[in-house]
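Inspection log for the structure reproduced underneath, given as structure tokens.
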Amino acid sequence: MLLKLTGGRIFDPAHDLNDVVRDIYIRDGRIVEKPADGRIDEEIDVRGKVIMAGAIDMHTHIGGGKVNIARTMLPEDHAQAVYERTELLRSGTGHAAPSTLTTGYRYAEMGYTAGFEPAVLPINARQAHMEMHDTPIIDKGGYVMLGSDDFLLRMMAANSDQEAINNYVAWTINHAQAVGLKVVNPGGISAFKFNQRKLDLDEKNEFYGVTPRDILHRLSRAVQEIGVPHPLHVHGCNLGVPGNMQTTLDTIQGAEGIPMHLTHIQFHSYGTEGDFKFSSGAAEIAEAINKHKNITVDVGQILFGQTVTASGDNMRQFAGAPHAHPNKWVCMDIECEAGCGVVPFKYKDQSYVNALQWMIGLETFLMVDDPWRIFLTTDHPNGAPFTSYPHLIKLLMDKSFRNDMLSTLHPEAQKATHLASLDREYSLYEIAIMTRAGAAKLVGLADRGHLGIGAAADITVYTDNSDREKMFEKPDYVFKDGQMVVRNGQVIKITWGTTHVVKPEYDVSIEKPLQQYFDKFHTLKMSNFKISNDEIIDDGRGSLTIQPLHKGGRL
Amino acid sequence: MTENSTATVWHEVASPFCGIASDDLTIEVNGNNVKVLENGDAVTRPGFETPISDTQPRINGKEVTLEQAVSHIAELLINSKQPLIAGLGTDLNGARAAMALADKTGATIDSYYSPAAFRNILVLQDTGYMTTTLTEVRNRVDVLLVVGTDIESTFPRFFERMVWNKESMFGQEIESREVIYLGKKPSGDASTSPNGKKAQVIACDNADLPEVVSVLRSLLKGKTIQAETVGGVAVSELNTLAEKLKAAKYSVVTWSAGQLDFDHAEATIQNVCEMIKEINATTRSNGLPLGGKEGDTTVNAVASWQSGYPMRTTFNRRFPDYDPFLNDGRRILADGESDVVIWVSSFNTSVTPPESAATTIVLGRSGMQFKTEPEVYIPVGVPGIDHEGRTFRTDSVVSVPLRKLRDSGLPSVFEVLSAVEQAL
């Protein structure tokens, strides 16, 4: 079966194709050369249409314990967004924390073909994979979380050498079936268990005497040295604290050139100026990002309305709990490994702080020069549900729309921003970088996010429309691995995406201390902690795709 | 016996029969006979060792093939005005299949363990909570407050594994740990320390717990209590307890909702949970709800991620529709609101369907006895004995892999319900 998409306008930044008219040929789920004999089985006329690879959400909370707590805790939020069963689709619910089936359908309908869960606790990875397994159409994967786990902190307190830590990181990535490594409030989740209420970059965990800076250094080196393509994914210290921009600047400086991805940077870009003692640090942060080429960021844009914040950072979530809306929340300490906090939240456009958060996110988007190093996220659902992406794209691409929105917000907040004077409008090509080529490169997906020969045929076809929100919320066609799954913004076929993983090598000698640790202190055996490949394949509709390591990866 | 030569010994086996899901069991399998060799207890031994008796499906008591039973179930569902899928003692994939079938047939779902589980779920949905997990307890607890629960009667190994373990990661002297019962007294000595220190007991009746807990919370908030006793407990004793909780570095307050069997126990659990949040203003304290055996936690988790709601959800309007009172399976059957019930109980032969006017289909563990023979009975395999599976622990965080220990040929709930869905 050979399918030809004829005459589309190609936006494929991985191959420097910016609005170039070209045909695409698809066979067996892959993009192929024009057949020598010219034979095609089916042709779709896409002349004048905008063609991009399927979009990739490199940071979205779609699976695992805290997301499921959010679901269970918010029946009133679901009741406002129910989805009927159809001949083809399962029923579902949810606006802020949608059910897994609904999540897959909505992503596909917006032209997304992959989403990555950024906070997979090793001990909860099995559940994260179960939920992602029940998320249709899109590909998935997870960044496994270390940094407040007692095994690492014990190693660091004992001054273990870097090679041992590399071994442990590689072992964890393998057995949690992850594609990257995440750290959340480095050491802070552990510190909270010892009743510390804050932990700055150079503050010591009182039991271990280890600082967040040490942890970032050890883990970022480990990721680099074992050859995992995705740089250490960092949710830094002091999330949401006014004045945390200095911590963020110090974190960037402290990376010492080692690749590091700073996630939801908006929540980490706050100053303390002005009458409200809360101001934008976006300009300084953007300047630092522009200068330090080893740094990538995603924004974590907030948008107004009801959502729920779900995070591994129970120290900061506990501090934020008094702002819960509606007034209910969960915090957990988890298995000498991590924690979580789930706090529903409503962002209000007439709140000074929320309005400024909105502005800080957009300022960051507009002031970071290189679209290959900044990514479009709302930290779903923490800043807003992922379904608001088309709206966010319009804010980035349409200055007059942006400024119209701005003029309705809290008046004092408007005075505190230069946003209105920022003229930049993102181009379609830059959107394609941020949401496709750049995201695939960042996550380390060799065969996704581009339209070259041999790539997976994950393709989205849009009708160009000057109203970018309308354009991006309803593609004409979405192809997943060569199969048409969406037509006119409606799911027409159900497929089950693959799970992307990396398999860095490790020395099995690491299992000796791990075995002892599990036997002595844990309530689970090491053998039962490990997630087998068969568990990912499960009932047969799951699959594993092992992505290549960086050259030079070593132990 | 010659069979000895074919016996297989399995190590590090996880138990789905108890919510703490101990995974250090050693089990010997000889043909279809299963024996717990090491680390068994009063709950896990019968769980693993209950023998297989019947293996053949029945329709109205007459043996049929699995295919015949499946197509009969499909026919019953096609003609049903309002099916109910209940019991739901099953594993991950059984729960997935039940959800898919409920969605397709407009059924209502509920679990046998919901009356207990909802005492906690209602708190989550109203105010939330701060909780911890078993490994944290094992390494950090300094004061364990047990509310209205005799732990060892339903979680025999809790103290051995989580409280009186040999060593804490943080250098805590294990013997210094303090166990305090509020409400029920312990039925045995599991809570006694290795050196013989008995747990402190502040006894009161279940009926008095709401009041006693309210007073404890008030004292922790610094309120003055005029009364000298509450529910037969001296307020001064509660005051001492409040001081201990304030002074503790990592107290854990635990309860088993199944044992808090009184009207609106959720309000008392909520009081406990709000109290824990308040203690955290100055020190650390966490709740530890105990429950979750035989797939209880698992089915609520799967229902939540697939539909947004836990148990007690109906699909009769073609979308998930949640109501923790209207969709109570027992109430539905008692009030005659369902005409066909599929009762799933793959772990426990004693969890049988309630008597009702509904046509009853049972997917049950082999050996199940009925007062009234159901219309359809299919003996199914036990997850973790007859087929692989996964189940969640009480803390809703950790899930354990369940292994296939023998080749009994019994079908899984997943296989049967998926076949029914296909046959519709």
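Since every read-out is calculated from the coordinates, none of them should be taken as a lab result. Just so we're clear, the structure is a prediction, and the values are computed from it rather than from any experiment. Note: ideal-geometry Cβ built from the backbone for every residue, glycine included; neighbour counts use all protein chains shown.
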*Sites A:ASP534 and A:LYS348, calculated FRET efficiency, Cβ-Cβ separation with R0 41 Å, nearest 0.05*: 0.30
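Could you tally the net charge around A:ASP379, taking each other residue with its Cβ under 15 Å from the Cβ of A:ASP379, Lys/Arg +1 and Asp/Glu -1?
With Lys, Arg at +1 and Asp, Glu at -1, the net is -1.
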*Which stretch or stretches of region A:428-468 have amide N atoms under 19 Å from the point lying 7 Å from A:ILE492's Cα along the Cα→Cβ direction?*
A:457-464
_Sorted by Cβ neighbour density within 10 Å, fewest at the top, the residues A:MET130, B:MET169, A:MET526_ = A:MET526, B:MET169, A:MET130
*For A:THR272 and A:SER400, FRET efficiency with R0 = 30 Å and r from the beta-carbon atoms, rounded to 0.05?*
0.40
_Difference of contour (0.36 nm per residue) and Cα-Cα distance, A:ASP19 to A:ALA36_ = 3.6 nm
*Can you give me the Cα centroid spacing of region B:1-58 and region B:289-356 in angstrom?*
28
*B:TRP10 paired with A:THR6, simple spin-label distance in nm, labels 7 Å along Cα-to-beta-carbon*: 5.9
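In region A:17-96, which GluC sites (Glu not before Pro) are in a loop and have at most 14 other Cβ atoms within 10 Å, using DSSP for the loop call?
Numbers: sites: A:GLU33, A:GLU42, A:GLU43, A:GLU76, A:GLU84, A:GLU87; in loops: A:GLU33, A:GLU84, A:GLU87.
Passing both the DSSP loop test and the Cβ count: A:GLU33, A:GLU84, A:GLU87.
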_Counting only other residues whose beta carbon sits under 11 Å from that of B:ARG406, what net charge do I get with K and R as +1, D and E as -1?_
-1
*Using a cut-off of under 17 Å, list every residue of region B:61-77 whose amide N is near the label point 7 Å from the Cα of B:ALA357 along the Cα-to-beta-carbon line.*
none
*Quick one: which residues, 5 or more positions from B:HIS387 or on another chain, have an amide H under 5 Å from its amide H? H modelled 1.01 Å from N in the peptide plane, none for Pro or chain starts.*
B:VAL382, B:LEU405
*Provide the net charge surrounding A:VAL299, with neighbours chosen by a C-beta distance below 11 Å and charges set as Lys +1, Arg +1, Asp -1, Glu -1.*
-3
*For A:89-99, what's the mean count of beta carbons from other chains sitting within 10 Å of each residue's beta carbon?*
5
*Relative contact order computed over chain A (Cα-Cα under 8 Å; 6+ residues apart), in percent*: 20
*List every residue whose amide H lies under 5 Å from the amide H of A:LEU544, counting only residues 5 or more places away in sequence or on a different chain, with H placed 1.01 Å from N in the peptide plane.*
A:THR499
*Roughly what percent of Cα-Cα pairs across region B:2-44 reach past 17 Å?*
31
_Can you order the peptides A:20-28, A:316-324 by their average number of other Cβ atoms within 10 Å per residue, highest first?_
A:316-324, A:20-28
*Name all residues of region A:117-150 having a backbone nitrogen under 20 Å from the label point set 7 Å from the Cα of A:PHE194 along its Cα→Cβ direction, giving them as ranges.*
A:146-150
*What angle, in degrees between 0 and 90 and rounded to the nearest 10, separates the Cα long axis of helix B:296-307 from the longest principal axis of the Cα atoms of chain B?*
70
_Can you give me the orientation-averaged projected area of the convex hull built on the Cα atoms of chain B, in nm²?_
21.9
*Using the 2.2 N^0.38 Å rule of thumb for compact globular proteins, work out how chain A stacks up: its C-alpha Rg over that value, please.*
0.93
*What's the longest bit of chain B with no exposed trypsin sites (Lys or Arg not before Pro), using DSSP loop states and at most 13 other Cβ atoms within 10 Å as the test?*
B:224-316
*May I ask you to derive the relative contact order of region A:261-329, considering only C-alpha pairs under 8 Å and at least 6 residues apart, and to give it as an integer percent?*
33
*Measure nothing fancy, just the Cα-based angle from helix B:114-126's long axis to the longest principal axis of chain B, in degrees from 0 to 90, nearest 10.*
60
*Calculate, for B:ARG330 and A:LEU88, the FRET efficiency according to 1/(1 + (r/R0)^6) with r their C-beta to C-beta distance and R0 25 Å; round to the nearest 0.05.*
0.15
*Where in chain A are the helices, taken as whole DSSP H runs, whose Cα atoms extend 18 angstrom or more along the long axis and whose Kyte-Doolittle mean reaches at least 0.5?*
A:352-367
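What relative contact order, as a whole-number percentage, does region B:2-44 give when Cα pairs under 8 Å and 6 or more residues apart are counted?
35
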_Going by amide H atoms built from the backbone, whose H comes under 5 Å of the H on B:THR108, apart from near neighbours?_
B:LEU84, B:ILE85, B:PHE315
_With 10 angstrom as the radius, rank B:LEU76, A:LEU146 by how many other C-beta atoms surround their C-beta, starting from the fewest._
B:LEU76, A:LEU146
*Which of rounded, prolate, oblate describes the protein assembly as shown, given a ≥ b ≥ c as roots of the alpha-carbon gyration tensor eigenvalues and a/c under 1.5 marking rounded, otherwise prolate only if a/b is larger than b/c?*
oblate
_Restraint check, A:LYS204/A:LYS525; B:LYS35/B:LYS371; A:LYS346/A:LYS415; A:LYS348/A:LYS415; B:LYS185/B:LYS371; A:LYS66/A:LYS474, Cα-Cα greater than 25 Å_ = A:LYS204/A:LYS525; B:LYS35/B:LYS371; B:LYS185/B:LYS371; A:LYS66/A:LYS474
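Residues of B:118-127, mean number of Cβ from any other protein chain within 10 Å of their own Cβ, rounded to a whole number?
Partner-chain Cβ atoms within 10 Å, mean over residues of B:118-127: 3.
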*Roughly what percent of Cα-Cα pairs across region B:322-404 reach past 18 Å?*
54
_DSSP-assigned coil residues among chymotrypsin sites (Phe, Trp or Tyr not before Pro) in region B:260-365, each with at most 16 further Cβ atoms within 10 Å_ = B:PHE262, B:PHE325
*Express in % the proportion of alpha carbon pairs of region A:480-555 at distances exceeding 13 Å.*
78
*Whole-Å semi-axes of region B:49-129's equivalent ellipsoid, largest first, each the root of 5 times a Cα gyration tensor eigenvalue?*
30, 19, 11
*asked:* Where in chain B is the longest stretch that carries no GluC sites (Glu not before Pro) classed as loop by DSSP and with at most 10 other Cβ atoms within 10 Å?
replied: B:229-424
*Report, in degrees rounded to the nearest 10, the 0 to 90 angle that the Cα long axis of helix B:92-105 makes with the longest principal axis of chain B.*
60
_Just want the ordering: A:ASP41, A:ASP458, from fewest to most Cβ atoms lying within 10 Å of their own Cβ._
A:ASP41, A:ASP458
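What whole-number volume per residue, in cubic angstrom, does the convex hull of the C-alpha atoms of region A:163-277 give?
111
Across the residues of B:21-33, average count of Cβ atoms on other protein chains within 10 Å? Spell out each step's value before the answer.
Working: counts 3, 3, 7, 5, 0, 0, 0, 0, 0, 0, 0, 0, 0.
Across B:21-33, the average partner-chain Cβ count within 10 Å equals 1.
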*In Å and whole numbers, how far do the C-alpha atoms of region B:100-241 stretch along each principal axis, longest first?*
56, 43, 28
*Taking every pair of alpha-carbon atoms in region B:210-322, what share in percent sits in each 10 Å bin, from 0 to the bin with the longest distance?*
12, 32, 30, 16, 8, 1
